[in-house]
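S.K.: Here it is: the structure, laid out below.
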Amino acid sequence: MDKVVSYKSIANEARKKSLELIYKAQTSHIASNFSCTDLLTVLFDRIDLDKDKVILSKGWAAAALYYFLWKKGRITEEELNSYCSPGSKFIGLAEPVIPDIPAAGGSMGFGLPFGVGFALAKKLNNEEGKIYVLMSDGEMQCGTTWESALIGSHHNLDNLVVVVDANDLQAMGRVEDILNIEPLKDKWNSFGWEVERIDGHNFEEIEKSLHNLPLQKGKPTIIIAKTIKGKGVSFFEGDNLYHYKGLSEEEYERAKRELANGE
């Protein structure tokens with residue numbers, strides 16, 4: 001099967017399962033899960049979890065993360081299906097409850113500090129592997145992000161890769177209206193990072209960007225991926241209502257039909 005076709009199929013299945021988990025648990029963040037699904041599809045296809053670490057700084061996309069950990073055989077189907085059930089450790093925010101979730105995500109601006117620490121430890125110990133941090137564009141407004149960016153550059157952490165899910169929306173509105181962080185590329189360049197902009201739903205672009213790492217030896221990498229919040233279901237796309245809203249049965253069934261037709 002063509003790799004892009006395979007990625008599209010995997011991503012569609014991931015969205016179906018995330019939809020099911022979030023609807024059954026009556027939790028939120030369906031649109032945030034969907035915007036980064038294509039990125040996670042390629043990332044988890046390429047990484048070696050025995051050497052690499054993935055930090056989900058935008059920890060509210062936990063359902064998608066659990067799906068890909070299940071696909072990699074790191075959690076059981078029973079654990080996946082326990083999402084947000086009473087007594088389950090797999091809640092709606094990524095928590096370090098298993099080794100493959102090395103740091104808590106969800107409090108904005110914490111993921112990159114964790115990532116810098118893990119990457120520096122790897123470098124000091126001459127360990128193989130990379131540290132990947134998936135961040136939201138809203139996190140570009142946090143001071144901890146920029147402090148960590150300077151530390152990463154200072155220590156030449158070319159084993160550190162940040163991927164920004166730049167879907168232009170955050171909890172309370174459009175990113176540019178709350179605190180404009182453009183032009184991002186220039187900012188990260190000025191902090192000593194190598195920067196690439198990609199279409200976060202173009203599997204060929206995602207794969208190419210993750211294949212050519214580090215972008216420059218001796219520098220940390222940031223991939224700014226332009227995405228659509230809610231990608232994959234027409235009435236989720238670009239509608240910030242689905243940042244927090246739980247799904248009705250009617251919305252769930254309609255979304256299921258759209259994803260079924262997207263196969």
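Every read-out reported here was derived from the displayed coordinates using simple, explicitly stated rules and does not represent laboratory data. Quantities reported herein were computed from a predicted structural model and do not represent experimental measurements. Cβ atoms come from the backbone with ideal geometry, glycine included; neighbour counts cover every protein chain shown.
S.K.: For a test of the definition: using alpha carbon positions, the gyration tensor, and the 1.5 limit on a/c, classify the range 63-155 as rounded, prolate or oblate.
M.R.: oblate
S.K.: Can you compute the FRET efficiency between Glu95 and Ser9 using 1/(1 + (r/R0)^6), with r the Cβ-Cβ distance and R0 = 25 Å? Round to the nearest 0.05.
M.R.: So the FRET efficiency works out to roughly 0.25.
S.K.: Counting other beta carbons within 10 Å of each Cβ, put Ile101, Ile75 in order, fewest first.
M.R.: The fewest-first ordering by Cβ neighbours comes to Ile75, Ile101.
S.K.: Using a ≥ b ≥ c from the Cα gyration tensor of the range 90-226 (square roots of the eigenvalues), is it rounded, prolate or oblate, where a/c under 1.5 gives rounded and otherwise the larger of a/b and b/c decides, a/b for prolate?
M.R.: Judged from the Cα gyration tensor, the range 90-226 comes out rounded (a/c under 1.5).
S.K.: Right, another one. Place a +1 charge on the Cβ of each Lys and Arg in the chain and a -1 charge on the Cβ of each Asp and Glu, then give the dipole magnitude about the Cα centre in debye, rounded to the nearest 20.
M.R.: Once rounded to the nearest 20, the dipole reads 340 debye.
S.K.: So, one more: Starting from the Cα of Lys17, draw a straight line to each of the lysines and keep only those under 24 Å, dropping any in the same chain fewer than 8 residues away.
M.R.: Lys17 reaches Lys3, Lys8, Lys53, Lys58, Lys71, Lys72, Lys89, Lys226, Lys229, Lys231, Lys245, Lys256.
S.K.: Next question, about the same structure. Evaluate the distance, in nm, between pseudo-label points positioned 7 Å from the Cα of Glu77 and of Leu49 along their respective Cα→Cβ axes.
M.R.: 1.7
S.K.: Now, a different point. Quick check: from the Cα gyration tensor, does the range 27-84 come out rounded (a/c under 1.5), prolate or oblate?
M.R.: Because a/c hits 1.5 or more and a/b fails to exceed b/c, the range 27-84 counts as oblate.
S.K.: Counting other beta carbons within 10 Å of each residue's own, what order do Val162, Val195, Val54, Val97 fall into, fewest first?
M.R.: Val97, Val195, Val54, Val162
S.K.: In a Gaussian network model over the chain where Cα atoms closer than 10 Å are linked, find which of Ser148, Ser57, Ser85 has the largest mean-square fluctuation.
M.R.: Ser85
S.K.: Of Val42, Val5, how do they rank once you tally other Cβ atoms within 10 Å and put the fewest first?
M.R.: Arranged by neighbour count, lowest to highest, Val42, Val5 become Val5, Val42.
S.K.: If each DSSP helix of 4+ residues adds -39,500 (n - 2.57) and the sum is divided by the residues in the chain, what number results at 222 nm, nearest 500 deg cm²/dmol?
M.R.: Mean residue ellipticity at 222 nm (helix-derived): -12500 deg cm²/dmol.
S.K.: Farthest toward the dipole's positive end in the chain, which of Gly192, Gly59, Gln26, given Cβ charges of +1 (Lys, Arg) and -1 (Asp, Glu) about the Cα centre?
M.R.: Gly192
S.K.: Let's test the formula: R0 of 41 Å, r as the Cβ-Cβ distance of Ile178 and His154. What FRET efficiency results, to the nearest 0.05?
M.R.: The computed FRET efficiency comes out at 0.90.
S.K.: Compute and list, largest first, the equivalent-ellipsoid semi-axes of the chain from the alpha carbon gyration tensor, each √(5λ) rounded to a whole angstrom.
M.R.: 28, 20, 18
S.K.: In debye, nearest 20: dipole of the range 1-126 around its Cα centre with unit charges on the Cβ of K, R (+) and D, E (-)?
M.R.: Here the range 1-126 has a charge dipole of around 240 debye.
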